[in-house]
């Protein structure tokens with residue numbers, strides 16, 4: 001099994017259970033179980049955006065936006081959360097996203113980044129909220145950036161148990 005930014009997930013228990021299913025079914029006969037695992041993986045990954053936790057159970061550090069304005073980290077527009085998809089292919093099942101900035105949030109980033117000219121809306125000045133926002137034009141510049149990793153893809157211990165249960169149930173159903 002793999003996810004798009006975390007690479008192939010090598011879990012001996014899951015691999016052994018999947019191989020057992022593969023040996024006991026005709027080619028393509030494991031599609032039902034893989035479909036259930038894909039749906040589960042998508043759901044579990046999306047739940048992390050609500051709980052604000054990584055697959056290992058650690059809480060994500062709150063983003064600056066959340067610290068200043070409230071809300072939830074990585075949930076400003078929910079685009080990343082809503083982009084999680086799954087698919088079954090001949091090698092197994094995968095889930096992930098094709099959103100360009102997903103890898104930066106999954107793995108973090110530190111380095112210099114060029115920022116193009118743009119307009120900025122200022123709502124707070126000198127620590128005080130302005131009565132009405134002010135729009136200013138900003139010239140291009142480079143800035144050092146540090147984005148903390150907030151892993152959302154991966155398999156938690158609960159995920160491992162659920163995937164093994166799906167595989168076990170499918171094997172039992174086949175007799």
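Can you find even one residue in the range 152-161 that is over 31 Å from the mean Cα position of the chain (by Cα) and either assigned to a helix (DSSP H, G or I) or modelled with pLDDT under 95 (or both)? Before the answer, list the steps.
Residues of the range 152-161 over 31 Å from the mean Cα position of the chain (by Cα): none.
Among the residues of the range 152-161, not one is over 31 Å from the mean Cα position of the chain (by Cα) and either assigned to a helix (DSSP H, G or I) or modelled with pLDDT under 95 (or both), which makes the answer no.
Residue 167 meets the stated requirement of being in contact with a helix residue (DSSP H, G or I) (Cβ under 7 Å, 6 or more places away or on another chain) and either on the phi < 0 side of the Ramachandran plot or not assigned by TED's automatic domain parsing to the domain that holds residue 59 (or both). Checked against the criterion of being out of contact with any helix residue (DSSP H, G or I) (no Cβ under 8 Å at 6 or more places or on another chain), more than 30 Å from residue 34 (Cβ to Cβ) and assigned by TED's automatic domain parsing to the domain that holds residue 49, the candidates 69, 89 yield just one match: 69. Contact map, the range 35-51: first residue without any contact (Cβ under 8 Å) to a residue 40 or more places away in the chain, second residue surrounded by 18 or more Cβ atoms within 10 Å (Cβ to Cβ) and in a helix (DSSP H, G or I), Cβ cut-off under 6 Å, separation 6 or more or different chains; pairs are 46/81. Filtered by the rule that a residue be surrounded by 13 or more Cβ atoms within 10 Å (Cβ to Cβ) and assigned to a helix (DSSP H, G or I), the range 49-83 gives 49, 65, 66, 79, 80, 81.
Of the residues screened, residue 106 is not one that is under 24 Å from the mean Cα position of the chain (by Cα), crowded, with 17+ Cβ neighbours inside 10 Å and over 30 Å from residue 18 (Cβ atoms).
The values are calculated or read from the model by the stated rules, or taken from the named source; none is laboratory data. On a predicted model such as this, the values are computed, not experimentally measured, just so you know. Cβ sites come from the backbone with ideal geometry, for glycine too, and all protein chains shown count toward neighbours.
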